[in-house]
Amino acid sequence: MQLDLALFLRLSRTLEGTTVEAQVALDDHAAVLSALDRFLLSVNEQTELLRPRDTAPAAAAIQVELEESHEIPPIPEEAALPPELEEELPPQVWTRQHDLLYEDVLWLFRIGDNEGALVSLGRLLAVAADTQELQRFLEINESKLVSLYERMLGSFQLPLAVSDDGVGDRYFIRPQEAQALLRLGKECDNLAQLLDRTATPRMQALALVHRLHSEGLLSVQAGEKRESVH
């Protein structure tokens, strides 16, 4: 059977157009799927920061060279929470975000930036103080850290100078604790007494004192007479 040439050409063009349209539709569908994949990947990367770690980080011992040290008062016993409150508090879980802060602390100590390391440690203590991982780190390094805080702040036995301004609009992760330390500081003769009397755990209190010191709200005075910072 002989096929008319004109009819054959029309059929070919029709089939070719259908193929092109189908290919365009497939390309559009692939682009949508690709965009969806990129979106899901972005969501996964964001939520990864909040996921608990499968394995705990190794508690590393920091290397801190101390030029001088002062007599450090004994560590007071931590005030226990009422049993009913302890039951209501969920255990803190170590997350990827905590891990990043922890790695930053260790790196800053390695390069000798003790001031920066204490700042990062303060942030970590504010968000992960009750995790087992950070508790192990503090058990290994607490004596070194306390000596370092004393070197940065001044002798714990010297008089305190406390600002009358209060925390104000300065950003603190735990502003109520910071304000409570300032109020208590006005009643204490020195940092040793402040650390003994506060209900805040010792290392968290030192981190807050360090932050208050950097904000000019609290300082240790070399003179014998107690003063106020205005």
Worksheet entry | Total residues in region 132-154, condition crowded, with 18+ Cβ neighbours inside 10 Å and polar (S, T, N, Q) | 1
Worksheet item: For the subset of region 116-158 comprising residues that are among the hydroxyl-bearing types (Ser, Thr, Tyr) and in a helix (DSSP H, G or I), which member is farthest from Leu195 (Cα to Cα)?
Response: Ser120
Worksheet item: Within region 195-230, restricting attention to residues that are hydrophobic (A, V, I, L, M, F, W, C) and touching a strand residue (DSSP E or B) at 6+ places or on another chain (Cβ under 7 Å), which residue is modelled with the lowest pLDDT?
Response: Val229
Worksheet entry | Of the criteria (1) under 23 Å from the mean Cα position of the chain (by Cα); (2) within 22 Å of Val105 (Cα to Cα), which one Leu195 fails | (2)
Fill in: The lone exception for Gly166 - which of (1) of a type outside the set (Val, Ile, Thr); (2) surrounded by fewer than 19 Cβ atoms within 10 Å (Cβ to Cβ); (3) at pLDDT 95 or above it fails
(3)
Discussion item. For region 102-119: of the residues being over 17 Å from Thr200 (Cβ atoms) and crowded, with 21+ Cβ neighbours inside 10 Å, which is farthest from the chain's Cα centre (by Cα)?
Written reply: Phe109
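The values are calculated or read from the model by the stated rules, or taken from the named source; none is laboratory data. The structure displayed is predicted, hence computed values, not measured ones. Note that we place each Cβ from the backbone using ideal geometry, even for glycine, and neighbour counts take in every protein chain shown.
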